[in-house]
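Report on one structure; see the data block that follows.
The values are calculated or read from the model by the stated rules, or taken from the named source; none is laboratory data. None of these values were measured; they are calculated from a predicted model. Methodologically, a virtual Cβ is constructed for each residue, glycine included, from the backbone with ideal geometry; neighbour enumeration extends over all protein chains shown. These area figures cover heavy atoms from the full protein model, side chains too; ligands, DNA and RNA do not enter into them. Shrake-Rupley method; radii C 1.70, N 1.55, O 1.52, S 1.80 Å.
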Amino acid sequence: MDSEYRFIHKHILSLEDLSVADIELILQTADSLKEISTRSIKKVPTLRGKTVISLFFEPSTRTRLSFEIAAKRMSADTFNISVALSSTTKGESLIDTAKNLAAMKPDVIIFRHSCSGSPRLLSKHIKASVINAGDGTHEHPSQGLLDLMTVREKKGDINGLRVAIIGDIAHSRVAHSNIIGFSKMGAEVVVCGPKTLLPAAVERLGAKVAATVEDAVSGADVVMTLRIQHERQKDPLLPSLREYANYFGITPKIMKKAKPDAIIMHPGPINRGVELDPELADGKQSVIIDQVTNGVAVRMALLYLIMGGD
Amino acid sequence: MVESVNNTPILLVNGRIIDPANGIDQNGSLLLENGRVSRLFFGKKLSAPRGTRKFDVGGKWVIPGLIDMHVHLREPGEEYKETIASGTRAAAAGGFTAVACMPNTKPFNDSWAVTAQILSKARNCSAKVYPVGAISKFGRGETLAEYGEMKEAGVVAISDDGCPVENSQLMRRALEYSSHFKLLVISHSEEKTLSHLGVMNEGYQSTRLGLRGIPRVAEEIMIYRDLSLAEYTGQPIHIAHVSTRESVSLIRRAKERGCKITAETAPHYFTLTDEAVDSYDTMAKMNPPLRSPDDIAAIKEGLADGTLDVIATDHAPHSTLDKDLEFDLAANGIIGLETAVPLALNLVREGTIDATRFVELLSSNPARLLGVEGGTLRVGGPADVVVIDPDKDFVYTEDQVVSKSKNSPFLDWHMRGKAVLTIKDGEITYSDS
Ligand SMILES: [Zn+2]
C-alpha cells in the first residue's frame, strides 16, 4: 500500500472501534485487491500457511462463503465450524470453545454469534485475531465496510451524501454498522421504520429519524432497505408483512423522491415484495450484486491488514 | 469467626455514638456486657468491670449493627456461590450484624421446613439470619405459600424476589392474607412483558451495544400496581431495589396520600449508571438494571427526603460459571455486603444525607420494617454494634473479598470508610486489624 498510515488493529469487532483513517485504508486495500477476483487464476500467495477458522453460532451461507472465498484467494487454509444454537446451553461455554480452538493455533477466527458482544469476549481468551461476522443486534463490520466500498465506487465520495436506511433498524446489526460507518465518513444518515423497529436514542448513534419513508428517501443518494423478520418471540412488532410492505416497503413511486441517480442497496437475503419491490431489486438503480462482489474484496482486505500486511 | 466469648465485656471508648432511635449523636463510650448494651457514658470517666476488653474508638462512629434486609445467601442449593456461613462472614466484614435472606434458594423457601433448615445452618454464624419466605408456592406466582407455618418457623417477611408476582389477584390475596401474621410483603416490582428479554437499561447504551433494553416503565408500572393494591387493601407493602426517578416519585406521592408503602434502593443504583456496561462487563448486569445519572439524582433525593426508607444491598453472589459468559447469558446480580458502607458514606461526604440518616437507612429502618431486634443502642438491647472508621482509605481488591463469589463491579476501586469492628450479641464477628 502506498498509504503511510499503519493499521494497528488486531481484531475487527466493530466499526465503532475504527477511525476514519482505518476505514480509508481498508477501502483502499479492498479496491486494489478486488482485481484479483477478475483474474483467470484467482489466487495470490499472500496468506500462505495462515489458518483461518470460521466459527458460526448462527446459520449463514453468504457471509461465511464470502469470507472463505476471500481467505482462499489469498492462499490461507480455511476451516468451518458451525455450531447449533443450542450448544451454548448444552454445556461448553464460549470461553472453553475459545481455549480449545486456541490450542490448534489458528491465525484468524471469523466469528458469528447471536449474543451481542460475544466477539469481544472471544477476543479476550484467544491469541488469534477475531473478525466479527455479525454479533446479535450489535454490529456486522465487514458488511458495513462493503457497503461503504460500494457507495464510494458508485458515488466517488461518501462525504456529503444522503443515505436513507429503511426498515428494522432495532434488530439489524447491518443498520447499526452502517449508521456508524456512513456518519463517520461524512454522510448524512436518515433512518425510518415503524416505531416498533427503531432502537432507543438512535439519534445519538449519528442518525436522523424521518417521520415517513417519503421524507427519509427525499433527496437521498443511497436508499438501503433491510430484511424484515416477522418472527420475533412474543413481541408484537408488526401486524403483518403485508401491512409492512404497504406502508414501509420501497416502491418505484417512493424511489421517485430520491435523487435521479440514487442507488438501491440491500444486505440480503431479500424478501421480494416486502421491503423492496422486485422490479427495483433487479433494476438499474440496484447495486445489490455489486455489494456481494465487494464483500469478497473487503474481507480480503481485512484478512490482509490484520495479518500484518503493509 | 467468632473471636471473643459472649461474657467478656467490651468497652468502646470515646467514639461518636449515633443512635437516631434515642436521638443521640455525641461522643461517648459504650459498655457491652452479657450480649447486651449495658451502659452509655457521655463525658464522665467510667469504671468498667474487671476483664473488660477496651477499644479506643476516637474519631470513629459507634452505631447500631447494620441490617441488610435484602441478600441472597444461595444456601440451600447453590453453595458453590455462597453459603450461609460465607455470606454472614461477608456481612460481618461489611459492618452488618443481621441479614434477611431472600427465598429464591433451591429448593425455594416456601415452607417451614426450608426456613428451619436455613435457621439451623445460621446458628453460630457471623450475622443474624432472618429468612424471608415465599409469597407463592415454589415462587411460581400461582398459589399462596403457607405464611402461618413459615412465620412460626422464623420468617420475618415474604417475597418472591427474583421474580415479580405477575398475577395481580395473587398479590392482592398475599397482602390480605399476610396481614394475619404481620408479615411484610416485599415486592420485586417488574412488568415482565415489558422487560421481556431485556438485559440492560433501555437507552443509548443498549442501542450502542446492541443489547436488548429493559425500559424503566417495566418497573414503574408494577410499582404503581403494587401501591394501588396496598392502598386498596389497606396493607403495607415494601418495594425492593428501586432504580428509576419515576419510581421514587410514585412512592413519594403515595406516601403523601397515606399509603403504607416503604421502599429500598441499593448502593449500585446511586453509584453506577448503564455506562458501566461498556464493553459488555457482566459485573454491571443486574435486575433492575443500572440506569442514568438523572435516576441517580432522583434516588439520592428519595434517600434524603425519606421517600426511600432503606439501603439494602441485594447481595447476589454468582461464580465465574455464571458471569464469565456472553452478556445475554450471564446471571443478574452483584455482591454488595462489603461495599455498602463506603458507597453509602459517599452520600454523607457529598452532603446528600447526614450520619443520622445513614444509620436510619442501614440499621434502624430495616429493623423496624422487619420487626426484628436491633437498629438501636438502647441500654438492655442486644449488643449488635459496628464501629465505622469513616476516613479509612482502602482499595477493594479481589483477594480481600470475603464473600465466596467475587462478582463486584467495584473491584479495584479506591474506597473511603469501612467497618473496623463488628459486634453481634456482644461477640466480635469482624475486626479490621
Ligand atoms: Zn429482586
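Search segment B:130-143 for residues being open to solvent by 50 Å² or more (accessible area, probe 1.4 Å) and out of contact with any Asp or Glu (no Cβ under 7 Å at 6 or more places or on another chain), and hand back the single one that is farthest from B:His180 (Cα to Cα). For segment B:130-143, the residue satisfying everything is B:Arg140.
Restricting segment B:270-298 to residues that are aliphatic (A, V, I, L, M), more than 16 Å from the ligand (Cβ to nearest atom) and under 19 Å from the mean Cα position of the chain (by Cα) leaves a set whose member that is most open to solvent (accessible area, probe 1.4 Å) is B:Met283.
In the set (1) more than 23 Å from the chain's Cα centre (by Cα); (2) of a type in the set (Phe, Trp, Tyr); (3) open to solvent by less than 20 Å² (accessible area, probe 1.4 Å), B:Tyr147 fails one condition alone, (1).
Count of segment B:358-377 residues, restricted to those that are surrounded by fewer than 20 Cβ atoms within 10 Å (Cβ to Cβ) and either aliphatic (A, V, I, L, M) or farther than 25 Å from B:Ser179 by Cβ (or both), is 1.
Do we find a residue being of a type outside the set (Phe, Trp, Tyr) and open to solvent by less than 10 Å² (accessible area, probe 1.4 Å) anywhere in segment B:41-55? No - not one qualifying residue is present in segment B:41-55.
Only one of B:Val248, B:Val199, B:Val217 is within 14 Å of chain A (Cβ to nearest Cβ), farther than 30 Å from A:Pro119 by Cα and either modelled with pLDDT of 95 or more or within 14 Å of the ligand (Cβ to nearest atom) (or both); which? On inspection, the qualifying residue turns out to be B:Val217. A residue that is farther than 22 Å from A:Ala201 by Cβ, of a type in the set (Ser, Thr, Tyr), in contact with a Lys or Arg (Cβ under 9 Å, 6 or more places away or on another chain) and buried (at least 17 other Cβ atoms within 10 Å of the Cβ) occurs nowhere in segment B:191-208.
Identify all residues within segment B:83-109 that are within 16 Å of the ligand (Cβ to nearest atom) and either among the charged types (D, E, K, R) or in contact (Cβ under 8 Å) with a residue 60 or more places away in the chain (or both); write none if there are none.
Correct list: B:Val99, B:Ala100, B:Met102.
In this entry, B:Ser228 passes the filter for residues that are over 21 Å from B:Phe358 (Cα atoms) and either more than 14 Å from chain A (Cβ to nearest Cβ) or open to solvent by 10 Å² or more (accessible area, probe 1.4 Å) (or both). Annotation: of all residues in segment B:314-345 being in contact with a Ser or Thr (Cβ under 7 Å, 6 or more places away or on another chain) and among the polar types (S, T, N, Q), the one that is surrounded by the fewest Cβ atoms within 10 Å (Cβ to Cβ) is B:Ser319.
Number of residues in segment B:13-29 that are closer than 16 Å to B:Leu66 by Cβ and of a type in the set (A, V, I, L, M) equals 3. Which residue is nearest to A:Asn246 (Cα to Cα), if the candidates are limited to segment A:206-225 and must be open to solvent by 20 Å² or more (accessible area, probe 1.4 Å) and within 14 Å of another protein chain (Cβ to nearest Cβ)? The selected residue is A:Val209. Looking at segment A:72-188, the helices (runs of 4 or more DSSP H) lying wholly inside it that each contain 2 or more residues that are within 11 Å of chain B (Cβ to nearest Cβ) and without any contact (Cβ under 8 Å) to a residue 60 or more places away in the chain sit at A:87-90, A:94-102, A:118-124, A:173-184. Is it fair to say A:Val20 is surrounded by 13 or more Cβ atoms within 10 Å (Cβ to Cβ) and aliphatic (A, V, I, L, M)? No: the conditions fail for A:Val20. Taking the conditions (1) over 30 Å from A:Lys10 (Cα atoms); (2) open to solvent by less than 30 Å² (accessible area, probe 1.4 Å) in turn, A:Arg299 satisfies each one other than (1). Scanning segment B:419-433 finds one or more residues that are open to solvent by 10 Å² or more (accessible area, probe 1.4 Å) and modelled with pLDDT under 95. Number of residues in segment B:165-181 that are open to solvent by 10 Å² or more (accessible area, probe 1.4 Å) and in a loop (DSSP other than H, G, I, E, B) equals 2.
Residues in segment A:50-84 that are over 25 Å from A:Pro269 (Cα atoms) and open to solvent by 60 Å² or more (accessible area, probe 1.4 Å): A:Lys50, A:Asp77.
Give the residues of segment A:45-71 that are part of a strand (DSSP E or B) and not small (Gly, Ala, Ser), sorted by residue number.
Those that are part of a strand (DSSP E or B) and not small (Gly, Ala, Ser): A:Thr51, A:Val52, A:Ile53, A:Leu55, A:Phe56.
Tally up the residues in segment B:213-242 that are closer than 19 Å to B:Arg368 by Cβ and in a strand (DSSP E or B), please. Total meeting the criteria: 3. Say we look at segment B:142-164 and pick out the residues that are away from the ligand (no atom under 16 Å from the Cβ) and not in a loop (DSSP other than H, G, I, E, B); which of these is nearest to B:Ala218 (Cα to Cα)? Ranking the qualifying residues of segment B:142-164, first place goes to B:Leu144. If you go through segment A:176-199 and keep only what is open to solvent by 30 Å² or more (accessible area, probe 1.4 Å) and over 19 Å from the mean Cα position of the chain (by Cα), you end up with A:Lys195, A:Thr196. Here's a check for you: in segment B:300-331, which residue that is within 20 Å of B:Ile237 (Cβ to Cβ), β-branched (Val, Ile, Thr) and under 13 Å from the mean Cα position of the chain (by Cα) is nearest to the other protein chains (Cβ to nearest Cβ)? If we take residues in segment B:300-331 being within 20 Å of B:Ile237 (Cβ to Cβ), β-branched (Val, Ile, Thr) and under 13 Å from the mean Cα position of the chain (by Cα), then B:Ile311 is nearest to the other protein chains (Cβ to nearest Cβ). Looking at B:Ile334, is it out of contact with any strand residue (DSSP E or B) (no Cβ under 9 Å at 6 or more places or on another chain) and away from every other protein chain (no Cβ under 12 Å)? The answer is no for B:Ile334.
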